[in-house]
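Peer 1: Starting off with a structure, shown below.
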Amino acid sequence: MSEATRKKVGVLLSGRGSNLQALLDAQADPRYPAHVVLVVSSKADALGLERAQRAGVATRVIPRRDFDSREDCDAAMSAALQEAGVEIVCLAGFMRILSKGFVDHWMDRLINIHPSLLPLFPGLDTHARALAAGVKLHGCTVHFVRLEMDTGPIIGQAAVPVLPGDTEEALAARVLEAEHRLYPHCLRLAASGRVNLVGGTAEIDDPGPRAGARLINPAP
Ligand code: GRF
């Protein structure tokens, strides 16, 4: 697929950037239908910025404290994204709450990854809360962003088992590995026009012959 026909993606992050890395790794395949053209960080010392630079992707640091209001900060991010020709915005560990103006502007073109099986455990500390609740399956969700935090039409989810003796760190690592597979997969679906919004939900064209798949924990 030529650069011209791949969808241009902007990634917003605040830290480590391992999900950004998963997207960068996926786009190394020339058939991948999206490519990251700009990474915007809310923090100057985010490791994600180094990952972007290593991959030759343009970066911008746009910290909230440089602006009088959240709206002004978000307008600066939108301007940078538009200038780069961005068509889809991916949140990947972006630790600021976005304003209504930003969410409205990028409606249905703004995607997030969240480390739980939404609508369970929106917000922070999802792994500790999953352990405390005693759920036997946990995971991650890629979804279109709506104004209310960690809501919006779900594009895809990956489930992992919660195992006896799991610590928060062990569970987080298992989920993160799933995130790195799920995010590139869901972005591929969205960028190739296979995600249709119907009412409040996302329907996937031709989701594949997996109707019989089960993940049962504890295993029977
Ligand atoms: C991930 O767990 C993601 O689900 C959440 O923030 C974390 C970001 O990790 N939204 P990384 O910066 O991509 O490594």
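Peer 1: Evaluate the following for L124: is it more than 12 Å from the ligand (Cβ to nearest atom) and either exposed (fewer than 15 other Cβ atoms within 10 Å of the Cβ) or over 16 Å from the mean Cα position of the chain (by Cα) (or both)? Show your work before the answer.
Peer 2: Numbers: more than 12 Å from the ligand (Cβ to nearest atom): no; either exposed (fewer than 15 other Cβ atoms within 10 Å of the Cβ) or over 16 Å from the mean Cα position of the chain (by Cα) (or both): yes.
The answer is no for L124.
Peer 1: Please go through the range 191-220 and pick out each residue that is among the β-branched types (V, I, T) and surrounded by 14 or more Cβ atoms within 10 Å (Cβ to Cβ).
Peer 2: V195, I204
Peer 1: A further question on this structure: Give me the residue from the range 80-102 that is open to solvent by 50 Å² or more (accessible area, probe 1.4 Å) and in a helix (DSSP H, G or I) and, out of that set, nearest to L147 (Cα to Cα). Can you show your working first?
Peer 2: Initial filter on the range 80-102 (open to solvent by 50 Å² or more (accessible area, probe 1.4 Å)): 82-83, 87, 95, 97, 100-101.
Then keep just the ones that are in a helix (DSSP H, G or I); that gives 82-83, 100-101.
Details: Q82: 20, E83: 24, K100: 6, G101: 10 Å.
Among those that are open to solvent by 50 Å² or more (accessible area, probe 1.4 Å) and in a helix (DSSP H, G or I), it is K100.
Peer 1: Also, I was wondering about something else. Identify, please: which residue in the range 1-21 is open to solvent by less than 10 Å² (accessible area, probe 1.4 Å) and among the aliphatic types (A, V, I, L, M) and is, among those, nearest to G193 (Cα to Cα)?
Peer 2: Residue satisfying both the conditions and the ranking: V9.
Peer 1: Also, I was wondering about something else. Answer yes if at least one residue in the range 26-37 is within 23 Å of C73 (Cβ to Cβ), assigned to a strand (DSSP E or B) and either more than 11 Å from the ligand (Cβ to nearest atom) or of a type in the set (D, E) (or both), and no otherwise. Reasoning before the result, please.
Peer 2: Applying the first criterion (within 23 Å of C73 (Cβ to Cβ)) to the range 26-37 yields 36-37.
After this cut, where a residue has to be assigned to a strand (DSSP E or B) as well, the list is 36-37.
This time we only want the ones that are either more than 11 Å from the ligand (Cβ to nearest atom) or of a type in the set (D, E) (or both), so: 36-37.
So far as the range 26-37 goes, yes, one or more of its residues are within 23 Å of C73 (Cβ to Cβ), assigned to a strand (DSSP E or B) and either more than 11 Å from the ligand (Cβ to nearest atom) or of a type in the set (D, E) (or both).
Peer 1: Any idea which of (1) in contact (Cβ under 8 Å) with a residue 60 or more places away in the chain; (2) within 16 Å of the ligand (Cβ to nearest atom); (3) part of a helix (DSSP H, G or I) is the one R51 doesn't satisfy?
Peer 2: For R51, the failing item is (1).
Peer 1: Listed residues H114, H105; which is in contact with a Ser or Thr (Cβ under 7 Å, 6 or more places away or on another chain) and open to solvent by 40 Å² or more (accessible area, probe 1.4 Å)?
Peer 2: Criteria check complete, one pass: H105.
Peer 1: Okay, next question. Condition (residue is over 26 Å from V89 (Cβ atoms), in contact (Cβ under 8 Å) with a residue 60 or more places away in the chain, open to solvent by 70 Å² or more (accessible area, probe 1.4 Å) and assigned to a loop (DSSP other than H, G, I, E, B)) applied to the range 134-156: is it met by at least one residue?
Peer 2: Scanning the range 134-156 turns up at least one residue that is over 26 Å from V89 (Cβ atoms), in contact (Cβ under 8 Å) with a residue 60 or more places away in the chain, open to solvent by 70 Å² or more (accessible area, probe 1.4 Å) and assigned to a loop (DSSP other than H, G, I, E, B).
Peer 1: In this structure, is L24 open to solvent by less than 10 Å² (accessible area, probe 1.4 Å) and at pLDDT 95 or above? Let's see the steps before the verdict.
Peer 2: Details: open to solvent by less than 10 Å² (accessible area, probe 1.4 Å): no; at pLDDT 95 or above: yes.
So L24 fails the test.
The values are calculated or read from the model by the stated rules, or taken from the named source; none is laboratory data. Please read all numbers here as calculations on a predicted model, not as lab measurements. Glycine gets a Cβ as well: all are built from the backbone with ideal geometry, and neighbour counts include every protein chain shown. For the accessible areas, the whole protein counts, side chains as well, though only heavy atoms, and no ligand, DNA or RNA atoms are used. Shrake-Rupley method; radii C 1.70, N 1.55, O 1.52, S 1.80 Å.
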